[in-house]
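Just so you know, all these numbers are worked out from the coordinates, no wet-lab data involved. Values in this document were obtained by computation on a predicted structure and should not be read as measured data. All Cβ positions, glycine included, derive from the backbone under ideal geometry; neighbour counts span all protein chains shown.
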Amino acid sequence: MLKEISRKLSQLLVLTKLSNSKVIAETKEEIKRDPVAQAILALANGLLSSLQLKEKVTEQTKVSEKTVQRRILDLVEKGAITPIRKGTEVYYEDSGLYD
């Protein structure tokens, strides 16, 4: 039963990606052009807390923490990263949607 559900979900994902391929490609290019977004994605491996991620990206890109926070929220909204709550902390992982 779980195998069948997994197969059906995979099919739905493929169909969704195919039907939205143009939007996905445009969003991927937009993300690629943004050095702040690229830095966030490179570090979004679920090991850094939100605060640590913001600090590292701010240090690497020399932009304000507020800018980094806006980019994080934008990437979450676009489905590029996924927030994961561990206790009182939030961590982010690359969702793989734009790979």
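So, of the residues in segment 35-45 that are small (Gly, Ala, Ser) and outside any loop (DSSP other than H, G, I, E, B), which turns out to be surrounded by the fewest Cβ atoms within 10 Å (Cβ to Cβ)?
Just the residues of segment 35-45 that are small (Gly, Ala, Ser), to begin with: 37, 39, 42, 44.
Keeping just the survivors that are outside any loop (DSSP other than H, G, I, E, B) gives 37, 39, 42.
Values: 37: 22, 39: 20, 42: 12.
Here the residue is 42.
Table: residues versus (1) more than 14 Å from the chain's Cα centre (by Cα); (2) surrounded by 12 or more Cβ atoms within 10 Å (Cβ to Cβ).
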{"position": "21", "(1), (2)": "yes, no"}
{"position": "30", "(1), (2)": "no, yes"}
{"position": "53", "(1), (2)": "no, yes"}
{"position": "56", "(1), (2)": "yes, yes"}
{"position": "63", "(1), (2)": "yes, yes"}
{"position": "93", "(1), (2)": "no, yes"}
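Quick check on my filter: what residues within segment 78-91 are of a type in the set (Asp, Glu) and either on the phi > 0 side of the Ramachandran plot or surrounded by 14 or more Cβ atoms within 10 Å (Cβ to Cβ) (or both)? I'd like the intermediate steps shown before the answer.
Initially, segment 78-91 is screened for residues of a type in the set (Asp, Glu), giving 89.
Result: no residue meets the conditions.
Pick out the one residue from 97, 48, 75 that is in a helix (DSSP H, G or I) and either surrounded by 12 or more Cβ atoms within 10 Å (Cβ to Cβ) or of a type outside the set (S, T, N, Q) (or both). Please lay out each step first, then the result.
Values: 97 fails: in a helix (DSSP H, G or I); 48 fails: in a helix (DSSP H, G or I).
Within the list 97, 48, 75, the selection yields 75.
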